[in-house]
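Reading through the structure tokens given below for one structure.
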């Protein structure tokens, strides 16, 4: 097995472990790929495509609930409200991602931006955790349209590598009065259309740059992200319910600071 495949497997594990944590999976992939000397495609398709493996893990773990929603669309208003909330929250980042893709990939996909975003995001988590409003929303099916839209606008911040898609949506939800468990679960479900759309669009735009080696890297990273992502999803909600998000804030600050030091030393 080549070194490139082994690194792809390691990056897949890193992706799966960090996709649903408020620590930025894309930021971790950029940093680790830089450290390990991973050779990605010119468009950086690998870093986006393997995230779909972690999303597939969510689909399987929550299959019962997702299936219930799908079958309930015939006559259950709660199912429609759930789907409507997810779609409303998905749309802002979908539009912004398409419009700003080239700028994001060309300018923001670098380790310095990631490290700064990690530190600032960590500070934001600690501040928000300290001054959380009293939760008012405990079910996704009861989200008003305005709340779902605001969470979607928060998700747009995650277009900057290092901010964290899950971190932006979870913290945005908390600020809007959503309880921790529901905020984490909504972030899981919102990841399904968001990352599926991002992966399909990136594959479409970067298809010509995908060689046989790149295809093998993506396949290996996808599988590893799927396995690692499943482990995280099963434990994250309980962990957050017990300890909150502050540990992730301290982790982000420590990682960003250490990596900035390494970059400039």
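The values are calculated or read from the model by the stated rules, or taken from the named source; none is laboratory data. If you're wondering where the values come from, they're calculated on a predicted model, not measured in any experiment. Note: ideal-geometry Cβ built from the backbone for every residue, glycine included; neighbour counts use all protein chains shown.
Quick rundown of the values:
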item: Any hit, region 151-165, residues being in contact with a strand residue (DSSP E or B) (Cβ under 6 Å, 6 or more places away or on another chain) and touching a residue at least 12 places away in the same chain (Cβ under 8 Å); result: no
item: Every pair of residues 6+ apart whose Cβ atoms lie under 9 Å, when the first sits in region 68-84 and is on the phi < 0 side of the Ramachandran plot and free of Cβ contacts under 8 Å to residues at least 12 places away in the same chain while the second is surrounded by 14 or more Cβ atoms within 10 Å (Cβ to Cβ) and not in a helix (DSSP H, G or I); result: 68/76
item: Enumerated helices (runs of 4 or more DSSP H) restricted to region 21-114, each holding at least 1 residues that are surrounded by fewer than 19 Cβ atoms within 10 Å (Cβ to Cβ) and at pLDDT 90 or above; result: 51-61, 63-72, 77-103
item: Flag for residue 9 being surrounded by fewer than 22 Cβ atoms within 10 Å (Cβ to Cβ), modelled with pLDDT of 85 or more and assigned to a helix (DSSP H, G or I); result: yes
